[in-house]
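The values are calculated or read from the model by the stated rules, or taken from the named source; none is laboratory data. Predicted, not measured: the structure shown is a model, and the values here were computed from it. We place every Cβ from the backbone using ideal geometry, glycine too, and count neighbours over all the protein chains shown. The accessibility values were calculated without ligands, DNA or RNA, using every heavy atom of the protein model including side chains. Shrake-Rupley method; radii C 1.70, N 1.55, O 1.52, S 1.80 Å.
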Amino acid sequence: MIAQIYVDDIVFGGMSDRMVKHFVGQMQTELEMSMVGELTYFLGLQIKQMEDSTFMSQSKYAKNIVKKFGMDNASHKRTPAPTHQKLSKDEGVGVCARYQVEPKASHLNQVKRILKYVNGTSDYGILYTNGSNPVLTGYCDADWAGSADDRKSTSG
């Protein structure tokens, strides 16, 4: 169970109700606080707790952003950017925030594509299951001097 406790917006999680109740009891002896119950929404994250798993997503947040910019009825994209293009100061498609000072039409098109991708993936999330033996897998997307402007690495 993950519980939300209001003492400067603390979120506390525990695997057993007994452990959560013990922690809350200890906190209440030291601080003035209110227990608002099981966590369902916090800082843009939606949390759905089930008996054997917890699902976390940002679907409400993502859908609100897409709707704010009028892209909620736009066609979905499978990737946030085309794999064959790079953004540059002049033309072409990389990381849009780098070009806020002098944006071009290609940057606006790329931001629209990102919103279409977010629209199509807004219900994605992370599922944590109890009792499983989790394996964390990481991936790296090296861009090999991917900046079209100065040939420096953009992935660090």
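For TYR117, TYR41, write out the residues from largest to smallest accessible area, computed with a 1.4 angstrom probe and no ligands counted. Kindly include the intermediate steps, with their values, before the conclusion.
On the way: TYR117 65, TYR41 95 Å².
Of TYR117, TYR41, the descending order of accessible area is TYR41, TYR117.
Under a 5 Å amide H to amide H cut-off, with H placed in plane at 1.01 Å, what residues pair with LYS77 once short-range neighbours are removed?
Correct list: TYR117, GLY120.
Summing Lys, Arg as +1 and Asp, Glu as -1, what charge do residues with Cβ under 9 Å from the Cβ of MET71 carry, MET71 excluded?
Numbers: positive: LYS67, LYS68, LYS112, LYS116; negative: ASP72.
With Lys, Arg at +1 and Asp, Glu at -1, the neighbours total +3.
Which links in LYS77/LYS104; LYS21/LYS68; LYS21/LYS63; LYS21/LYS67; LYS21/LYS116 stretch past 32 Å when you go from one Cα to the other?
Values: LYS77/LYS104 21 Å; LYS21/LYS68 41 Å; LYS21/LYS63 35 Å; LYS21/LYS67 40 Å; LYS21/LYS116 44 Å.
Over 32 Å apart, Cα to Cα: LYS21/LYS68; LYS21/LYS63; LYS21/LYS67; LYS21/LYS116.
Whole-Hz Karplus ³J(HN,Hα) for the range 53-58, in order, using 6.51 cos²θ - 1.76 cosθ + 1.60 and θ = phi - 60°, x for Gly and Pro?
The phi angles translate into 7, 9, 10, 10, 8, 10 Hz.
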